[in-house]
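The values are calculated or read from the model by the stated rules, or taken from the named source; none is laboratory data. Just so it is clear, the model here is predicted, and its values are computed rather than measured. Glycine gets a Cβ as well: all are built from the backbone with ideal geometry, and neighbour counts include every protein chain shown. Side chains included, ligands, DNA and RNA excluded: accessible areas come from the protein's heavy atoms. Shrake-Rupley method; radii C 1.70, N 1.55, O 1.52, S 1.80 Å.
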Amino acid sequence: MIQNPTLKSTMKAWLYILPMMLIIFTFNLYPIVKSFAMSFYTDYNFYEDVVHAYGLGNFGMILQDSDFYLAIKNTFIFVLGVVPISIALSLGIALLLNQIKFLSGFFRTVYFLPFVTSTVAISLVWNWLYHRNYGLMNYFLGWFGIEPVHWITDPDYSMLALVIMAVWKGLGFNIILFLVGLNNIDETYYKAAKVDGASGFKQFRNITLPLLGPTVFLVSVLGVINSFKVFDEVYALFQAKPGPAKSTLTVVYYLYEKFYTEYQYGIAAAAGVVLFVIILAVTLIQFAYNRKFVHY
Amino acid sequence: MDGHQKELPDGLGSPDRRYIEVNTLQVRFEEVSVSYGDKKVLENINFTFPAHSLVSVLGPSGCGKSTTLMLISGLMSPTEGRIFFGDREVTKLDAVRRKVGMVFQNYALYPHLSVLDNIMFPLKMAKVPKNERRDRALELANLVQIDEHIDKKPKQLSGGQQQRVAIARALAKEPSILLMDEPLSNLDARLRLEMREEIRRIQQETNITTVFVTHDQEEALSLSDQVMVLNDGAIQQMSTPRDLYERPDNLFVARFLGKPAINTLTFDPNGRIRRMMNIPQPYAGQIETVGIRPESIMVTDRPEDALFRGEITHLERIGRDVSAKVRLGSAEMVVSGLPASVEEGQTINLTAVDDELLYFDQTGRSVRWSDVGTAAGSAGA
């Protein structure tokens, strides 16, 4: 049924994709273009949507704002904390889950639950876990004779508290991806490796890990992108504050403050553009690395 | 690379200069059984595969032949019984420590490693120094004639080339035994023939004890020194390919081997076969079934010599080969090697070379009284 395109058939085709195009245009393309444009509005009336002046002033402002640098620094610490720990932990748990037959479905569900639970609910629970007097975290630490840590209120520990919660929350999703990856490795490779004299750890090192490369890549790219955009965890865990002494101020939190509390729309948009460029750059680096080291 | 190839004929010529020096061993099973729950896969298996020989394990699917191979490799352990390599008992050793070489049905080449790295993998696991590893892998690549492709990834190779790499990898650690699990089943017909000869060549060059599992009788009969036929978890017969074909121990083996399959008829103690074939009295009473290979049957002009008389119901001519289905009353027989002059619908008189007839008792066991006669038979396998 291959026809030569006529004006009529082309119009018909456009008509079919029109509803989807409208949705994509309204909710994806337009906001992207608009926020890029907005980052160049230096004098702007939001309510009347009138732009009085354009320029690079917004970028100049954020690049001189020490809070913005702090936000970038915190975001990088968060990403570098969450992504590797999350990958290592979820890979380890996936390997264990892959070994057990009994109750594996149950455990998979248990690990996946945090991912489908609302961040606000999770943050409330963790707020309790982190409570300086009654929290379970300090209770456990007490077993080892460690003094109670002021997780939420001490600027030295608040980022750690955030990272732990974010790792825990994202674990389930990564575990599912790793389980799929592990399942895709043909059992005969392990048989061949055994016959070739590779014991347990060598099999992991020489078979599992390289053949899981594509999954590790996928998980790390998704993890990096998601972690750079961290906001709701901060907002909920520290009760609408960027942590004690701005210790968990992230780029999106910065953007949010500029937009909703300071009404500096142009600056918020400029921060968004900078975040976009950072994520793009990191992802490109990951892709370059992938091409070199991950084998399909 | 040219240099390597020029050396090859030398190595082939002199038996004392082998590419791979293997300290090869016999494989012995003692009362080995394997069962999953109630299901018995192998029952009380006893055999010895002699050192330096190529043995095929042949049988229909589900007969336990792959299980036998897994048991030798150590990837599976027997429920009962003992396994020996030479004098050493290996029953309790797992695959990592048995150090056999194995070629898997789907080759199982590590997809992320180059051909050379694949061949070197077992050596790397054995912590062989890097230079030595490389030299040895190159030597093996040369032996299996894959040395032009050592830097490629497995998926860039054809099936036959992957097969060669798999063999080289299996031989890399100088195993005492080489195992092959249906290694030719994933190849097309032409490559299968080529690789069959290659496997034989490599086995003879390395002189390594090789166990070859297959469901293809042609492969087993053409390739091996000895064939072990398995069915329902029990050994049906283990002998040379020729004996297996000409002197099957039982009805299963007789029916399993040969294309077209053997004709089997119910033996009539007062019938024509009994009278014409001079079957001595004590044996005639035991015989239940007569087996006649299609190629043992001949057309005769003299009705008085005929064992059977029947009408050709179906004729097949493939080049010079003429084979036919002949109706004998209610039974039907397949006859091959007929003269080109026969026609469909024609009624013909048939006789058979008398020492090529096979007789079986009620339980399907072979009944033999003259060991001299059958061995001299001319039924070309």
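Quick rundown of the values:
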{"item": "Residue list for the range A:201-214, restricted to those being over 14 Å from residue A:91 (Cα atoms) and either within 9 Å of chain B (Cβ to nearest Cβ) or crowded, with 16+ Cβ neighbours inside 10 Å (or both)", "result": "A:202, A:203, A:206, A:207"}
{"item": "Yes/no for residue A:245 being among the small types (Gly, Ala, Ser), touching a residue at least 60 places away in the same chain (Cβ under 8 Å), more than 14 Å from chain B (Cβ to nearest Cβ) and surrounded by fewer than 17 Cβ atoms within 10 Å (Cβ to Cβ)", "result": "yes"}
{"item": "From the options A:257, A:187, residue that is away from every other protein chain (no Cβ under 14 Å) and either open to solvent by 20 Å² or more (accessible area, probe 1.4 Å) or in contact with a helix residue (DSSP H, G or I) (Cβ under 7 Å, 6 or more places away or on another chain) (or both)", "result": "A:257"}
{"item": "Filter result (over 26 Å from the mean Cα position of the chain (by Cα), open to solvent by less than 50 Å² (accessible area, probe 1.4 Å), farther than 30 Å from residue B:153 by Cα and away from chain A (no Cβ under 14 Å)) within the range B:61-118", "result": "none"}
{"item": "Total residues in the range A:114-154, condition over 19 Å from residue A:227 (Cα atoms), open to solvent by 60 Å² or more (accessible area, probe 1.4 Å) and in a helix (DSSP H, G or I)", "result": "7"}
{"item": "Test result for residue B:198, of a type outside the set (Phe, Trp, Tyr), touching a Phe, Trp or Tyr at 6+ places or on another chain (Cβ under 8 Å) and assigned by TED's automatic domain parsing to the domain that holds residue B:72", "result": "no"}
{"item": "Residues within the range A:43-66 that are open to solvent by 40 Å² or more (accessible area, probe 1.4 Å) and touching a residue at least 60 places away in the same chain (Cβ under 8 Å), tallied", "result": "3"}
{"item": "Any hit, the range A:98-107, residues being without any contact (Cβ under 8 Å) to a residue 24 or more places away in the chain, open to solvent by less than 30 Å² (accessible area, probe 1.4 Å) and over 29 Å from residue A:254 (Cα atoms)", "result": "yes"}
{"item": "Filter result (outside any helix (DSSP H, G or I) and either closer than 24 Å to residue A:46 by Cβ or among the hydroxyl-bearing types (Ser, Thr, Tyr) (or both)) within the range A:241-259", "result": "A:242, A:247, A:248, A:249, A:250"}
{"item": "Yes/no for residue A:31 being open to solvent by less than 100 Å² (accessible area, probe 1.4 Å), within 20 Å of residue A:279 (Cα to Cα), modelled with pLDDT of 90 or more and not hydrophobic (A, V, I, L, M, F, W, C)", "result": "yes"}
{"item": "Residue match in the range A:173-181 (condition: under 30 Å from residue A:70 (Cα atoms), away from chain B (no Cβ under 14 Å), assigned to a helix (DSSP H, G or I) and open to solvent by less than 40 Å² (accessible area, probe 1.4 Å))", "result": "yes"}
{"item": "Selection status of residue B:112, touching a His at 6+ places or on another chain (Cβ under 7 Å) and part of a loop (DSSP other than H, G, I, E, B)", "result": "yes"}
{"item": "Boolean, residue B:66 is closer than 21 Å to residue A:194 by Cβ and assigned by TED's automatic domain parsing to the domain that holds residue B:169", "result": "yes"}
{"item": "When residues of the range A:215-227 are limited to those that are open to solvent by 30 Å² or more (accessible area, probe 1.4 Å) and within 24 Å of residue A:252 (Cα to Cα), the one farthest from the other protein chains (Cβ to nearest Cβ)", "result": "A:226"}
{"item": "Residues satisfying the stated conditions in the range B:156-174, i.e. of a type in the set (Lys, Arg) and either modelled with pLDDT of 90 or more or open to solvent by less than 10 Å² (accessible area, probe 1.4 Å) (or both)", "result": "B:169"}
{"item": "Residue A:267 surrounded by fewer than 19 Cβ atoms within 10 Å (Cβ to Cβ) and β-branched (Val, Ile, Thr)", "result": "no"}
{"item": "Helices (runs of 4 or more DSSP H) wholly inside the range B:126-206 containing at least 1 residues that are within 14 Å of chain A (Cβ to nearest Cβ)", "result": "B:130-143, B:159-172"}
{"item": "Criterion (farther than 23 Å from residue B:119 by Cβ and at pLDDT below 85) met by exactly one of B:15, B:78, B:60", "result": "B:15"}
{"item": "Selection count, the range B:349-372, where residues are modelled with pLDDT of 85 or more and surrounded by fewer than 13 Cβ atoms within 10 Å (Cβ to Cβ)", "result": "2"}
{"item": "Selection from the range B:317-338 of residues that are closer than 21 Å to residue B:265 by Cβ and in a strand (DSSP E or B)", "result": "B:323, B:324, B:325, B:326, B:327, B:328, B:331, B:332, B:333, B:334, B:335, B:336"}
{"item": "Residue among B:327, B:255, B:317 that is open to solvent by 30 Å² or more (accessible area, probe 1.4 Å), within 26 Å of the chain's Cα centre (by Cα) and farther than 18 Å from residue B:353 by Cβ", "result": "B:255"}
{"item": "Any hit, the range A:72-87, residues being farther than 25 Å from residue A:180 by Cβ, loosely packed, with under 12 Cβ neighbours inside 10 Å and not hydrophobic (A, V, I, L, M, F, W, C)", "result": "no"}
{"item": "Total residues in the range A:185-240, condition of a type in the set (Phe, Trp, Tyr), more than 20 Å from residue A:288 (Cα to Cα) and either free of Cβ contacts under 8 Å to residues at least 60 places away in the same chain or part of a helix (DSSP H, G or I) (or both)", "result": "6"}
